[in-house]
Amino acid sequence: MQLNEMRIVVTGAASGMGRHFALSLARAGAKVAACDVNEAGLASLAEEAASASGELKTWITNVADEASVEALFSEAWDAFGHLNGLINNAGIIRDGLFIKKDKETGAVRKFSLAKWQQVIDVNLTGPFLCARELAAKMVEHDIAPGVIVNISSISRWGNMGQTNYSAAKAGLVADTVLWGKELARYGIRVGAVAPGFVDTPILEGMPPAALEKMLKGVPLRRLVSQDEIFQAVQFIIQNDAFTARVVEVDAGLRL
Ligand SMILES: NC(=O)c1ccc[n+]([C@@H]2O[C@H](COP(=O)([O-])OP(=O)(O)OC[C@H]3O[C@@H](n4cnc5c(N)ncnc54)[C@H](O)[C@@H]3O)[C@@H](O)[C@H]2O)c1
């Protein structure tokens, strides 16, 4: 598929990579339904996208909430005539050790169920709900072809301190394979991108020494740019033989 054919939902579009994906797609002529829980971020995105050759509309949507996701897909479908794409990008982190013993008191602290659930809800249930709504509507209305891109992470191999995030990102890759196989008969492809350390606003507050230490373990000794991740997204959209697989863009890092 070509970028200017896309009528595509981008989740988590108010910041970081989602914002870059939404702007790049709108500038390439796509119709973009940009959603997020961050209303101010969406407003500034809409302003920035106003001069794009495509079209960008915004929705305040919580991807972890079924009714909110159903409303997004129903309204965006009507606004653009139909939809044929989705980037499952919205994500959060709530890190901590699984079990931690205090050296002085001997007290054992457990990873909280609340932190587990928040990350599973946004990073795994969210993509499930969004992919389900898109696929159901496309199949119901006989719209094809289509493409779903899931943003996973290098953490899917099991990153210490991320028991919730690693499980969600690994689950997302498992479902990329499963949805890719199940939806192939309807002309819908599904791919994932697994980024390493990406240059996003989250790193802006990081002291240079800490950043340097972090990059010591990266074979290419550098961050991945948001545009390098978008290149992988673009590859998945455009390559009609690609489905049920993951593209890893991580500067060679293995956790
Ligand atoms: N930054 C990295 O180095 C990196 C590496 C690997 C994977 N990732 C993944 O890439 C994706 C984007 O990461 P980023 O660094 O650009 O993040 P970011 O924090 O800059 O942006 C995430 C966006 O998701 C939105 N969001 C959070 N909860 C939401 C919800 N319930 N419903 C809708 N929107 C919600 C936030 O408001 C935010 O705008 C995430 O899935 C993240 O896990 C990031």
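Read the figures in this text as sums done on the coordinates, not as results from a lab. Source: prediction; values computed, not measured. Note that each Cβ is placed from the backbone with ideal geometry, even for glycine, and that neighbours are counted across all protein chains shown.
Among the listed pairs K110/K169; K100/K169; K57/K110; K31/K115; K101/K213; K100/K181, those whose Cα-Cα separation exceeds 32 Å are K57/K110; K31/K115; K100/K181. With neighbours defined as other Cβ atoms within 10 Å of a residue's Cβ, the residues Y165, Y186 order from fewest to most as Y186, Y165.
When I154, I8 are ordered from fewest to most other Cβ atoms inside 10 Å of their Cβ, what list results?
Values: I154 21, I8 30.
Fewest to most other Cβ atoms nearby, the residues stand as I154, I8.
Please say if segment 111-173 is rounded, prolate or oblate, where rounded means a/c under 1.5 for a ≥ b ≥ c the square roots of the C-alpha gyration tensor eigenvalues, and otherwise the choice is prolate for a/b larger than b/c and oblate otherwise? Each step should come with its number before you reach the end.
Working: a/c = 5.47, a/b = 2.18, b/c = 2.51.
Because a/c hits 1.5 or more and a/b fails to exceed b/c, segment 111-173 counts as oblate.
The stretch between R254 and R221 holds 10.6 nm of extra length on full extension. This uses 0.36 nm per residue minus the Cα-Cα distance.
Can you tell me the dipole magnitude for the chain around its Cα centre, using point charges on the Cβ only (Lys, Arg +1; Asp, Glu -1), in Debye to the nearest 20?
Values: 25 positive and 28 negative charges, 237 e Å.
It works out to roughly 1140 debye.
For segment 3-247, how big is Rg over Rh, using alpha carbon atoms and the Kirkwood form of Rh?
With Rg and the Kirkwood Rh in hand, the quotient comes to 0.99.
State, to one decimal in nm, how far the label point of A210 lies from the label point of H82, with both points 7 Å from Cα in the Cβ direction. Taking the simple label geometry, A210 and H82 are separated by 4.8 nm. So how tilted is helix 66-80 from the main axis of the chain? Cα-based, degrees 0 to 90, rounded to 10. Approximately 40 degrees, to the nearest ten.
Place the peptides 221-233, 115-127 in order of packing, highest mean first, counting for every residue the other Cβ atoms within 10 Å and averaging per peptide. Can you show the working numbers first?
Working: 221-233: 17.7, 115-127: 20.6.
For the peptides 221-233, 115-127, the packing ranking is 115-127, 221-233.
What FRET efficiency, computed as 1/(1 + (r/R0)^6) with R0 = 22 Å and r the Cβ-Cβ distance, is obtained for E182 and E5, rounded to the nearest 0.05? Between E182 and E5 the formula returns 0.45.
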